Amino acid sequence: MTALPRYLPNHEAVLNALPHAIISVDGQGRVVDANMAAEAFFDISAPVMRRNLLKDLLPFGSPLLALIGQVRERNAPVNEYRVDLGSPRLGGERPVDIQVAPMQDNSGGVVIMLQERTIADKMDRQLTHRGAARSVTALAAMLAHEIKNPLSGIRGAAQLLEQSVDDPDRALTQLICDEADRIVKLVDRMEVFSDERPVARSPVNIHVVLEHVKKLAQSGFARKIKFVEDYDPSLPPVHANKDQLIQVILNLVKNAAEAIDGSPEGEIILTTGFKPGVRLSVPGSASRVSLPIEVCIKDNGPGVATDLLPYLFDPFVTTKTSGTGLGLALVAKIVGDHGGIVECESQNKRTVFRILLPMYRSDRSA
C-alpha cells in the first residue's frame, strides 16, 4: 500500500483560515500582507491594501497607531481591549480587541490581529454597570424609611437602660448604641443611590481633577506610593459635575492604593487620552453621545480575581474584610448618570479602571 502524501498547508492558507483579521505592516507603516478576514473587516482587497499605509485605512487619531508605536519602542507585544476602529467608511462602530507583536527581524515591522466584538457585547458593556448601580436604589429608599426609624428607638432605649444598669453591663448598652450608629452610617451611604435628580454639569478640566485627587492621596492614604502621570494636554473639557468626578477618581485611586498595600514597588499611573469613535445612547433619550475622553487609573497590585471581575460594580461585592461593597457601585452610578462608561481590566501586576466621558460642547445646555 502506498502512503498517502502528507498535506502541509502553506502559511497563506493558514492565515486565511483564521476568523480574525491579521495584517502585517513594515517599518514605514505600509501594509505588507492581510488575510481574508482583514479584507472583510476593511471591505477592501489585500492587493489594494498593500498600496496603502495602514494609517490611510484607519480613522484619524486611531489608538491602533499608538499601539504600534509602543510595540516598536518596547520591542514587545502589546494588547488593548475594546477599542473602537469605527469610521464612516467602515460603517459606524467596530469594537475590537487588538494584539500587536513585533517582527523578529528587527525591521520595525509588526503583525496585528483584530478580534471583532459584537455590538451586543458593546451594548452590554454600556448597560451592565448602570443596571447594577440602580438595582440598589429601591433598597436604599426602603432602608432609609424602615430601618433608621426603628434604630432611633433602639438607640434611645439603650441610652435609658445605661442609666439603670451596673457598670459591667454598661459596656453592652454602649455596644448597642455603637452598632446602631454604624448601621445608620451604612444606610446614609446607600441613600446616595436613591437620588435621581439631574446632575448639574459644566465644563471641567479633567487634569485639574486628577491633580487635586493626587494631592489628597499623597497627603494621606497614598503618601508612600509613586504616582506617574501620562496626560494628553490637548484634551478638551469634559461635561461633568466636578465634585462628583473628584469622588469617582478618589474612590478608584484609594482602591488602587489599597490593592498595592504598602508594596515598595507600588505604583499608580494616571493617564488621559482622546479616543474618537466611541458613541453610546444616553439613558432616557433616543440621542447618542460621543465619549472621546478617556481617563485610566492603573496599579501594579495583585489584580482582581477572575471570578469576581464580572460583578465588581455590583452593590455589596467586595474583597475587603471591613468593606461595604458600595464604593465601586457608587462609581458606576455617578459615571452612568454622566452618560459615560466605567470598566475594569485586571491581571497580575496590571489593573486598569477605564472611564469614558463626554466632552463639553458650547452648543449644549449644562
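Side notes on the structure shown:
- Subset of the stretch 156-168 (residues that are farther than 19 Å from residue 184 by Cβ and either of a type in the set (S, T, N, Q) or within 50 Å of the chain's Cα centre (by Cα) (or both)): 163, 164
- The single condition among (1) in a helix (DSSP H, G or I); (2) at pLDDT 65 or above that residue 138 does not satisfy is (2).
- Residue 222 falls short on exactly one of the conditions (1) surrounded by 20 or more Cβ atoms within 10 Å (Cβ to Cβ); (2) free of Cβ contacts under 8 Å to residues at least 60 places away in the same chain; (3) outside any loop (DSSP other than H, G, I, E, B), and that condition is (3).
- Checked against the criterion of being more than 22 Å from residue 312 (Cα to Cα), touching a strand residue (DSSP E or B) at 6+ places or on another chain (Cβ under 6 Å) and of a type outside the set (Lys, Arg), the candidates 203, 233, 237, 198 yield just one match: 237.
- Scanning the stretch 346-362 for residues that are of a type in the set (S, T, N, Q) and under 19 Å from residue 290 (Cα atoms) yields one hit, 362.
A quick yes/no check of all residues on (1) at pLDDT below 85; (2) surrounded by 17 or more Cβ atoms within 10 Å (Cβ to Cβ); (3) out of contact with any strand residue (DSSP E or B) (no Cβ under 8 Å at 6 or more places or on another chain):
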| residue | (1), (2), (3) |
| --- | --- |
| 36 | no, yes, yes |
| 50 | no, no, no |
| 53 | no, no, no |
| 71 | no, yes, no |
| 88 | yes, no, yes |
| 96 | yes, yes, no |
| 107 | yes, no, yes |
| 112 | no, yes, no |
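- Residues that are loosely packed, with under 15 Cβ neighbours inside 10 Å and of a type outside the set (S, T, N, Q) within the stretch 171-183 comprise 171, 172, 175, 178, 179, 181, 182, listed in sequence order.
- Filtered residue count, the stretch 268-302, keeping only those that are within 21 Å of residue 331 (Cβ to Cβ) and either surrounded by 17 or more Cβ atoms within 10 Å (Cβ to Cβ) or modelled with pLDDT of 70 or more (or both): 22
The values are calculated or read from the model by the stated rules, or taken from the named source; none is laboratory data. All values derive from a computational prediction rather than experimental measurement. A quick note on method: Cβ atoms are made from the backbone with ideal geometry, for glycine too, and the neighbour counts reach across all protein chains shown.
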